[in-house]
Every structure is written in C-alpha cells, then in structure tokens.
C-alpha cells in the first residue's frame with residue numbers, strides 16, 4: 001500500500017468571510033470501521049489511497065456581531081463525500097459558483113462528488129452568537 005504524505009494539503013485552513021472577527025482551526029482524521037461496524041476517527045500523519053478522511057473545522061468568534069461564511073478548499077488528492085451539515089454549499093469550479101451538489105453542472109453534465117473543489121458553510125448570527133462551533137466534511141483519498 002502506498003502512503004501519501006498529504007497531511008499538509010488536507011489541513012489547509014478554512015477561509016472565513018466575516019463581519020465578526022473569527023479564527024478557525026482544521027484537524028484531519030482517518031476514519032476506520034471496526035468489525036462490529038462502529039466508526040472511529042484516528043489521528044494520522046499519512047494517508048493511503050482509498051482512506052476515508054474527516055476534516056473537522058472549529059471556528060471561534062473573537063469579536064463583532066452577525067453571521068459569517070467559512071470556505072474550505074478540498075485538496076486535489078481527495079474526492080468529497082459528505083458534510084455533517086445539510087446547509088453546506090459546494091463549488092465545482094474553484095469557488096466561482098456555489099450550490100447544492102445535485103443542482104450543479106460542469107462541462108454540460110451533472111456534477112458529481114469527484115468534481116467538488118470547495119465546501120462552504122454560512123454560519124447565521126444566531127449560531128455565531130454562541131462564540132464557537134464546529135463543522136465537518138468527509139473525503140476519500142484518491
């Protein structure tokens with residue numbers, strides 16, 4: 001099995017567009033499935049083709065009011081799978097356009113998870129007021 005040293009690429013910090021001041025931290029884990037079917041997240045320094053990885057983005061509001069948006073680019077060596085929040089939007093064109101995956105098209109065809117280049121979450125003011133939170137998405141190493 002060939003190990004890929006893509007930790008640095010997977011841990012790309014999320015970009016935030018905000019009126020409140022915020023900070024983010026991204027951590028990447030390998031997801032494993034136990035024989036009984038339980039899923040477990042494990043810290044890993046390297047990943048192999050086919051590994052399912054979960055990126056957890058923690059955000060912290062440092063000041064200000066209102067909601068904000070977090071954008072996370074996917075490393076080119078991964079294929080998007082799913083997000084822990086239904087309200088996420090994805091881009092298949094490098095962040096130029098956004099929407100739900102089942103509504104996006106690329107090169108005249110329906111977009112697929114393999115086409116996703118960025119994930120975006122809008123954090124409304126009501127949630128931002130809590131001061132911190134986390135969002136997560138999963139991908140598979142190509």
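Of the numbered conditions (1) over 26 Å from residue 20 (Cα atoms); (2) within 16 Å of the chain's Cα centre (by Cα); (3) at pLDDT below 95; (4) buried (at least 18 other Cβ atoms within 10 Å of the Cβ), residue 114 fails exactly one; give the number of that condition. That leaves (4) as the condition not met.
Out of (1) over 14 Å from the mean Cα position of the chain (by Cα); (2) more than 23 Å from residue 128 (Cβ to Cβ), the odd one out for residue 77 is which? Among (1) over 14 Å from the mean Cα position of the chain (by Cα); (2) more than 23 Å from residue 128 (Cβ to Cβ), residue 77 violates only (1).
Would you call residue 126 over 21 Å from residue 30 (Cα atoms) and surrounded by 14 or more Cβ atoms within 10 Å (Cβ to Cβ)? No: the conditions fail for residue 126.
Looking only at the stretch 131-142, count how many residues are over 15 Å from residue 57 (Cβ atoms) and either modelled with pLDDT of 95 or more or exposed (fewer than 13 other Cβ atoms within 10 Å of the Cβ) (or both).
Of the residues in that region, 3 qualify.
Could you list, in sequence order, all residues of the stretch 88-111 that are in contact (Cβ under 8 Å) with a residue 24 or more places away in the chain and either exposed (fewer than 11 other Cβ atoms within 10 Å of the Cβ) or over 23 Å from residue 75 (Cβ atoms) (or both)? Let's see the steps before the verdict.
First, pick out the residues of the stretch 88-111 that are in contact (Cβ under 8 Å) with a residue 24 or more places away in the chain: 88-95.
Scanning the stretch 88-111 gives a single hit, 94.
The values are calculated or read from the model by the stated rules, or taken from the named source; none is laboratory data. Being a predicted model, the structure only gives us computed values, none of them experimental. Note that we place each Cβ from the backbone using ideal geometry, even for glycine, and neighbour counts take in every protein chain shown.
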